[in-house]
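*Asks:* Below is a structure I'd like to ask you about.
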Amino acid sequence: MRTLVEVIRGMGMTDPRLLAAFAATPRDRFVPPRSAVRAQCDEPIPIGHGQPTSQPSLIAQMIDVLRLSGTETVLEIGTGYGYQTALLARLARRVYSLERHPDLAEHAQANLAGVGVTNVEVLVGDGTAGLPAHAPYEAVIVSAAAPSVPAPLASQLAEGGRLVMPMTSEVADVVTLYTKRQGRLTRLRPLTPAQFVPLVGEHTTMHD
């Protein structure tokens with residue numbers, strides 16, 4: 001079986017920092033224990049609340065387009081079990097991650113501590129509201145789908161920063177890359193179709 005790094009490289013992602021982050025982050029530490037044997041497979045794994053942890057190749061695509069250099073402050077919406085969070089932490093200066101479910105946030109904090117990641121703060125809250133206290137963010141990554149980017153996330157993105165998020169459409173969710181130019185959120189390009197849970201919160205048209 002190919003390693004996750006080999007899978008990602010095979011998809012054309014060659015950033016050595018990205019590949020090193022995947023090599024250094026053991027996915028089996030970021031899934032429920034009963035699923036650890038499947039952690040090296042490029043597939044989503046259920047983590048409770050009807051949610052999966054995304055497949056690594058999809059996470060890689062979303063992180064790759066953020067073009068992180070190591071100096072950024074990143075806002076992540078949807079911590080889950082903390083796998084994507086750990087990857088971001090290896091590629092950015094600081095990561096703030098918002099999770100809606102307190103038990104998932106606890107798992108993530110324990111998992112991140114377990115692999116020695118220290119430049120992350122996991123908070124429980126409404127991801128659609130973002131985290132204005134630490135804005136602006138050079139990068140924002142959203143792991144749930146909505147018809148549009150919540151206004152607070154757009155406002156908290158730094159000028160020239162990058163935001164990646166799945167947008168709901170009739171057939172599938174489409175992971176889409178945005179930037180901010182002259183204070184306005186600008187769509188750069190769609191990346192890939194995928195399936196995500198709906199983004200739930202005050203600043204989206206979807207509700208529980």
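The values are calculated or read from the model by the stated rules, or taken from the named source; none is laboratory data. Quick caveat, the model's predicted, so the values are computed rather than measured. FYI the Cβ positions are ideal-geometry reconstructions off the backbone, even for glycines, and counts take in every protein chain you see. SASA here: full protein model, heavy atoms, side chains in, ligands and nucleic acids out. Shrake-Rupley method; radii C 1.70, N 1.55, O 1.52, S 1.80 Å.
*Asks:* If you take the beta carbon distance between Thr192 and Glu170 as r and set R0 to 25 Å, what does 1/(1 + (r/R0)^6) give as a FRET efficiency, to the nearest 0.05? Present the calculation step by step, with values, prior to reporting the outcome.
*Replies:* On the way: r = 16 Å, r/R0 = 0.66.
Result of the calculation: an efficiency of 0.90.
*Asks:* Then there is this: So if I restrict to the alpha-carbon atoms in the chain, what is the Rg, and what is Dmax, the biggest pairwise distance, in Å?
*Replies:* Computed over the Cα atoms of the chain, radius of gyration and Dmax are 15.6, 48 Å.
*Asks:* Also, I was wondering about something else. Running a GNM on the chain with Cα contacts under 10 Å, which residue among Gln84, Gln156, Gln51 ends up with the highest mean-square fluctuation?
*Replies:* Per the Cα network of the chain with a 10 Å cutoff, Gln51 tops the list.
*Asks:* At 1.4 Å probe size, with no ligands or nucleic acids counted, give the accessible surface of His49 in Å², nearest ten.
*Replies:* Surface accessible to solvent at His49 totals approximately 100 Å².
*Asks:* Please go through segment 142-208 and write out the GluC sites (Glu not before Pro) that DSSP classes as loop and that have at most 13 other C-beta atoms within 10 Å.
*Replies:* Working: sites: Glu159, Glu170, Glu202; in loops: Glu170, Glu202.
Loop-located and lightly packed - Glu170, Glu202.
*Asks:* Over the chain, what percent of the accessible surface lies on carbon and sulfur atoms, probe 1.4 Å? It would help to have the intermediate numbers written out before the result.
*Replies:* Working: 4780 of 9360 Å².
Here it works out to 51 percent.
*Asks:* On to the next question. Considering only DSSP beta bridges whose two residues both sit in segment 109-208, what percent are antiparallel, to the nearest 5?
*Replies:* Of all bridge pairs located within segment 109-208, approximately 70 percent are antiparallel.
*Asks:* May I ask you to give the solvent-accessible area per residue for the chain, in square angstrom, as obtained with a 1.4 angstrom probe? If you can, show how the numbers build up before the last one.
*Replies:* Values: 9360 Å² over 208 residues.
Here the per-residue accessible area is 45 Å².
*Asks:* Here is a follow-up. Taking the 0 to 90 degree range and rounding to the nearest ten, how far is the long axis of helix 102-114 tilted relative to the main principal axis of the chain, both from C-alpha atoms?
*Replies:* Value to nearest ten degrees: 50.
*Asks:* Using just the Cα positions, wrap segment 50-150 in a convex hull and report its mean projected area in square nanometres, one decimal place.
*Replies:* 6.2
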